[in-house]
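Please read the structure below before turning to the comments.
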Amino acid sequence: MIPRTLFTPEHELFRDQVRRFIAAEIAPHHAAWEKAGIVPRSAWLKAGEGGFLCTAVPEEYGGAGGDFLHGAIMVEEMARAGATGPTFYLQSEIISPYLVRHGTEAQKRRWLPGMAKGTVVASLGMSEPSGGSDVANIRTTAIRDGDDYVVNGQKVFITAGHSSDLLLLACKTDPKAGAKGVSLLLVDTTLPGYQRGRLLEKIGCKAQDTAELFFQDMRVPADCLLGEEGRGFAMLMGELPQERLVQAIRAVASSEAAIGWTLDHAVQRRMFGQTLADFQNTRFRLAEMRADTQAQRVFLDRCIELHLEGRLSAVDAAMLKLTTTELQGRVMDQCLQLFGGWGYMTEFPIARAFVDARLGRIGGGAVEVMKEIISRDMLPKNPKPARG
């Protein structure tokens, strides 16, 4: 295996702490959370108490003052454990950076300490029934009326939508301006006019509560605007590379875990007088998956390095997200096949990982969107007309 050079000894000590936390506080309860369809607040509080939330948030706002690598470790180890229920990654690596980079001092002090402690759970309100990835054409409106914005509309597929105390809401403050009319609001979910729909039933990530949200004449104070009015689309696009990087970290780590489970099964499972691993087909399948996953691991680590330097482009993030989540789907399918009938039983981690992985090619931008981003970058910006 090619050695990883990203992490310092201090980072690896943090990894050990994360693994112990997952083994003690997450893994024993995850099956029950999947049946309930939601992660209890007690899990968030324990994560906050252990210093595992918002690790890159500055200490003055309640965070650990670490770097993105601390968050990457948390994402990796949760993925290796198949712990798809707690959306710690969404809170820590996707939502908190919006506040750190674009929030006012008052907004940071109101929300970030609670997010780091686990007393505040945050969600991101982007997708709508009319279209998930087409942020420029969202229909939820926020019209200024005195000292408030009056919000009307609907969101769907909102991760942590049932448990969240804070919603980072993408809305139209100027419905006629397209992308330039999109703004972001920090919404307290106890406000009148905020309504949660039913818990949506999914094929995977069952412990991860997912909701429809409705807004009817919800009045949000104007000082809850994040950044400048009309700059929401630009802020969302600026943060998407890190979101897609997080998706890729989860994809590669879960793929590596699945190959490990399958290898253990193959050397123990006996059939036709030998182990499953004695068959050449098994060995070749495992070898192919290991080689493909190692290649993606190297690509991923290089992209993390670029991100730490502030040089990860939207196109590179799209290529990474596309290739790692496609790999994840192939690995889970082949690993489940090698488990045979046992792979179809939900008591085995590979069965749950198989259905959980399907979200990877949709969440954070569907793979088709990634291909569009990549192809646009490949083509000339001002192609010359063909000569007749």
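The values are calculated or read from the model by the stated rules, or taken from the named source; none is laboratory data. All of these numbers come straight from a predicted model, not from anything done at the bench. So basically every Cβ, Gly included, is an ideal-geometry build from the backbone, and we count neighbours across all protein chains shown.
Number of residues in the stretch 273-295 that are touching a residue at least 12 places away in the same chain (Cβ under 8 Å) and hydroxyl-bearing (Ser, Thr, Tyr) equals 2. Look at the stretch 255-272: where a residue is more than 15 Å from ARG283 (Cβ to Cβ) and a partner is small (Gly, Ala, Ser), sitting 6+ places away or on another chain with Cβ atoms under 6 Å, you get ALA258/ALA353. It is to be established whether one or more residues within the stretch 236-248 are polar (S, T, N, Q) and in the same structural domain as LEU322 (by TED's automatic domain parsing). Yes; the residues of the stretch 236-248 include at least one that is polar (S, T, N, Q) and in the same structural domain as LEU322 (by TED's automatic domain parsing). Looking only at the stretch 260-275, which residues are under 13 Å from PRO349 (Cβ atoms) and of a type in the set (D, E, K, R)? ASP264, the sole residue that qualifies.
For the residues VAL355, VAL369, the requirement of being in a helix (DSSP H, G or I) and modelled with pLDDT under 95 singles out VAL369.
Quick check on this structure: which one of VAL315, VAL331 is closer than 30 Å to THR8 by Cβ, touching a Ser or Thr at 6+ places or on another chain (Cβ under 6 Å), at pLDDT 95 or above and in a helix (DSSP H, G or I)? Within the list VAL315, VAL331, the selection yields VAL331. Here GLY230 meets the list (1) of a type outside the set (Ser, Thr, Tyr); (2) free of Cβ contacts under 8 Å to residues at least 60 places away in the same chain; (3) out of contact with any Ser or Thr (no Cβ under 7 Å at 6 or more places or on another chain) almost entirely, failing just condition (3).
Let's see how each residue does on (1) over 30 Å from THR55 (Cβ atoms); (2) touching a residue at least 40 places away in the same chain (Cβ under 8 Å); (3) touching a helix residue (DSSP H, G or I) at 6+ places or on another chain (Cβ under 9 Å):
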position	(1), (2), (3)
THR119	no, yes, yes
SER130	yes, no, yes
ILE138	yes, yes, no
ARG144	yes, yes, yes
THR159	no, yes, yes
LYS176	yes, no, no
ALA179	yes, yes, yes
LEU186	no, yes, yes
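Exactly one residue out of SER123, SER92 is polar (S, T, N, Q) and not in a strand (DSSP E or B): that is SER92.
If a residue has to be of a type outside the set (Val, Ile, Thr), at negative phi, within 19 Å of the chain's Cα centre (by Cα) and assigned to a loop (DSSP other than H, G, I, E, B) to count, how many in the stretch 47-77 make the cut? Residues that pass the stated criteria total 4. Scanning the stretch 52-67 for residues that are among the charged types (D, E, K, R) and farther than 19 Å from LEU13 by Cβ gives a single hit, GLU60.
Quick one: which of LEU199, LEU169, LEU112, LEU185 is under 27 Å from PRO86 (Cα atoms), in contact with an Asp or Glu (Cβ under 7 Å, 6 or more places away or on another chain), among the hydrophobic types (A, V, I, L, M, F, W, C) and not assigned by TED's automatic domain parsing to the domain that holds GLU243? From the options LEU199, LEU169, LEU112, LEU185, the qualifying one is LEU199. Contact annotation: residue pairs with Cβ atoms under 8 Å, 6 or more positions apart or on different chains, pairing a residue in the stretch 17-40 that is closer than 16 Å to HIS162 by Cα with a partner that is modelled with pLDDT of 95 or more and outside any loop (DSSP other than H, G, I, E, B), are TRP33/ALA43; GLU34/ARG352; VAL39/TRP33; PRO40/TRP33.
In summary, GLU12 fulfils each of the numbered conditions (1) at pLDDT below 95; (2) more than 21 Å from the chain's Cα centre (by Cα); (3) not aromatic (Phe, Trp, Tyr) with the single exception of condition (1).
In this structure, does HIS11 turn out to be in contact (Cβ under 8 Å) with a residue 60 or more places away in the chain and over 19 Å from LEU90 (Cα atoms)? Criteria met by HIS11.
Of ALA234, ALA251, which residue is closer than 25 Å to THR173 by Cβ and either aromatic (Phe, Trp, Tyr) or out of contact with any strand residue (DSSP E or B) (no Cβ under 8 Å at 6 or more places or on another chain) (or both)?
Working: ALA251 fails: closer than 25 Å to THR173 by Cβ.
Result of the check over ALA234, ALA251: ALA234.
What number of residues within the stretch 261-276 satisfy the criterion of being surrounded by 13 or more Cβ atoms within 10 Å (Cβ to Cβ), closer than 30 Å to THR87 by Cα and not aromatic (Phe, Trp, Tyr)? Final tally of qualifying residues: 3. Return the residue satisfying two criteria in turn: it lies in the stretch 95-120 and is among the β-branched types (Val, Ile, Thr) and surrounded by fewer than 19 Cβ atoms within 10 Å (Cβ to Cβ), and of such residues it is nearest to SER42 (Cα to Cα). Across the stretch 95-120, the extreme among qualifying residues is THR119. Among the residues making up the stretch 158-203, a single one is part of a loop (DSSP other than H, G, I, E, B), among the charged types (D, E, K, R), more than 19 Å from the chain's Cα centre (by Cα) and loosely packed, with under 15 Cβ neighbours inside 10 Å: LYS176.
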